[in-house]
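The next block holds one structure in the form of structure tokens; read it before the comments.
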Amino acid sequence: MPLARKKILVFLVLTFALSAIFLYPIISSGTISKYVMALMWCPGAAAIVTQLLFHRSLRGLGWKPGRGRYIWWGYALP
């Protein structure tokens with residue numbers, strides 16, 4: 001299996017596993033609760049864990065500050 005497919009599979013499995021932790025209380029209670037915020041972080045957490053498993057650093061995620069103008073717009077628009 002190519003490395004890219006392994007990364008995708010690990011990411012999907014981690015996302016599903018982390019999401020299941022928060023989906024169970026949401027479904028069992030029948031209402032949208034405080035767990036929704038944590039549920040939204042699951043893909044991001046899975047991406048960070050996958051990156052650390054395969055590359056041992058977060059360098060490949062492209063987290064760089066960029067130009068100041070775009071940072072300002074990123075804060076101003078939302």
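The values are calculated or read from the model by the stated rules, or taken from the named source; none is laboratory data. The model shown is predicted, which means the values in this text are computed figures rather than measured ones. Positions of Cβ are backbone-derived with ideal geometry, glycine not excepted, and every protein chain shown enters the neighbour counts. Note: accessible area is taken over every heavy atom of the protein model, side chains too, but ligands, DNA and RNA are not part of it. Shrake-Rupley method; radii C 1.70, N 1.55, O 1.52, S 1.80 Å.
Things to note:
- Computed from phi, the 3J(HN,Hα) profile of segment 21-32 under the Karplus parametrisation 6.51, -1.76, 1.60 (θ = phi - 60°) reads 4, 9, 6, 4, x, 5, 5, 5, 7, x, 10, 6 Hz, with x in place of Gly and Pro.
- The magnitude of the dipole of the chain, with charges of +1 and -1 set on the Cβ of Lys/Arg and Asp/Glu and taken from the Cα centre, is near 420 debye.
- At the listed q of 0.26 Å⁻¹, the Debye profile of the chain, built from one uniform point per Cα, gives log10 I(q)/I(0) equal to -1.08.
- Rolling a 1.4 angstrom probe over the chain with all protein chains present gives an accessible area of which 71% lies on carbon and sulfur atoms.
- The residues of the chain expose, per residue, 84 Å² of accessible area to a 1.4 Å probe.
- Per-residue ellipticity at 222 nm computed for the chain from its helices equals -23000 deg cm²/dmol, with DSSP H segments shorter than 4 residues left out and the rest contributing -39,500 (n - 2.57).
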